[in-house]
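Q: Handing you a structure now.
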DNA sequence: ACTGGCTCCTGAGGGC
DNA sequence: TGCCCTCAGGAGCCAG
């Protein structure tokens, strides 16, 4: 399931195949995604040309003259380009068929993904309007985290995963970034100092940047738009490694639940 | 204003 | 082989 590096890998994979292409047909086989797919979507989209494939947080943005498609992959979604007429498989919920004889096909077993349309500037859409800065952009740094965290009692890991604070830091990379910064995931966000937030912001940039460069992390069912796995899984230092020795100090790594999410950390390195 | 908990859904894996 | 349980990468929404 996609975190930000997987979404960015998907964006880079599909963008050259979509940009400049006209959508000739939209097939919705299963509208019951996280939110129901607008029944008007096919009529709105057919005939539109995709000018650009962008991304905001984990939303892919397909820009056309008339508006923008907001596409979220949820926990189990993936996109593939297939020749028109390719028989749909289980959980192939939606096709955007292009004027070159291929279709962008959305597969999502858990149906936590979504497809929205907006005719307005996408950043004003209700799902995007309140989002924090991009972790790889210039507005995100340690001072930003420090400023927002004063007085907050929630665990720093939950704080880091709050999309109003910073977008795109999912469960895997939150554990990885906190490990690299040496911060205990359960520490109250308001009790992490400025210097440590500078280190944390650097760690977030570093881990996400490395993961994007590696093509994402493969866990279970993620494949990029060409069907190849990502290679970041072998670079994970703590995620999924409870019981294994800490790669830095050798102490036994632990798993706990924080905010209903599995969290991995080193009890000696992280304070 | 925050916080924690719940929710949507399918599939994989473990224990018996 | 089958059944039942738990868990999984997201994130919006709600009550307190």
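The values are calculated or read from the model by the stated rules, or taken from the named source; none is laboratory data. Just so it is clear, the model here is predicted, and its values are computed rather than measured. FYI the Cβ positions are ideal-geometry reconstructions off the backbone, even for glycines, and counts take in every protein chain you see.
Q: Looking at region A:75-88, which of its residues are in contact with a strand residue (DSSP E or B) (Cβ under 9 Å, 6 or more places away or on another chain), part of a loop (DSSP other than H, G, I, E, B) and away from DNA strand B (no atom under 16 Å from the Cβ)? Write out each step before concluding.
A: Filtering region A:75-88 for residues in contact with a strand residue (DSSP E or B) (Cβ under 9 Å, 6 or more places away or on another chain) gives A:76-86, A:88.
From what's left, part of a loop (DSSP other than H, G, I, E, B): A:76-77, A:84-86, A:88.
Hits for region A:75-88 are A:84, A:85, A:86.
Q: Would you check if residue A:199 is in contact with a helix residue (DSSP H, G or I) (Cβ under 8 Å, 6 or more places away or on another chain), at pLDDT 95 or above and crowded, with 24+ Cβ neighbours inside 10 Å?
A: no
Q: A further question follows. Does residue A:43 satisfy being out of contact with any strand residue (DSSP E or B) (no Cβ under 8 Å at 6 or more places or on another chain) and without any contact (Cβ under 8 Å) to a residue 40 or more places away in the chain?
A: On the way: out of contact with any strand residue (DSSP E or B) (no Cβ under 8 Å at 6 or more places or on another chain): yes; without any contact (Cβ under 8 Å) to a residue 40 or more places away in the chain: yes.
It is true that residue A:43 is out of contact with any strand residue (DSSP E or B) (no Cβ under 8 Å at 6 or more places or on another chain) and without any contact (Cβ under 8 Å) to a residue 40 or more places away in the chain.
Q: Continuing with the same structure: Against the definition (in contact (Cβ under 8 Å) with a residue 40 or more places away in the chain, more than 22 Å from residue A:64 (Cα to Cα) and not in a strand (DSSP E or B)), how does residue A:145 come out, yes or no?
A: Criteria met by residue A:145.
Q: Among the residues of region A:116-173, what is the count of those that are farther than 26 Å from residue A:34 by Cβ and within 14 Å of DNA strand B (Cβ to nearest atom)?
A: Result for region A:116-173: 11.
Q: Out of curiosity, is residue A:113 under 17 Å from the mean Cα position of the chain (by Cα), under 22 Å from residue A:23 (Cβ atoms) and in the same structural domain as residue A:79 (by TED's automatic domain parsing)?
A: It is true that residue A:113 is under 17 Å from the mean Cα position of the chain (by Cα), under 22 Å from residue A:23 (Cβ atoms) and in the same structural domain as residue A:79 (by TED's automatic domain parsing).
Q: Please enumerate the residues belonging to region A:165-184 that are in contact with a helix residue (DSSP H, G or I) (Cβ under 6 Å, 6 or more places away or on another chain), assigned to a loop (DSSP other than H, G, I, E, B) and surrounded by fewer than 22 Cβ atoms within 10 Å (Cβ to Cβ).
A: Listed by number, the list holds a single entry, A:165.
Q: Do we have any residue at all in region A:216-235 that's modelled with pLDDT of 90 or more and either within 14 Å of DNA strand C (Cβ to nearest atom) or assigned by TED's automatic domain parsing to the domain that holds residue A:182 (or both)?
A: no
Q: Do you know which residues across region A:89-104 are buried (at least 16 other Cβ atoms within 10 Å of the Cβ) and within 16 Å of DNA strand B (Cβ to nearest atom)?
A: A:91, A:92, A:93, A:94, listed by residue number.
Q: Could you tell me whether residue A:123 is part of a loop (DSSP other than H, G, I, E, B), surrounded by 11 or more Cβ atoms within 10 Å (Cβ to Cβ), in contact (Cβ under 8 Å) with a residue 40 or more places away in the chain and more than 10 Å from DNA strand C (Cβ to nearest atom)?
A: no
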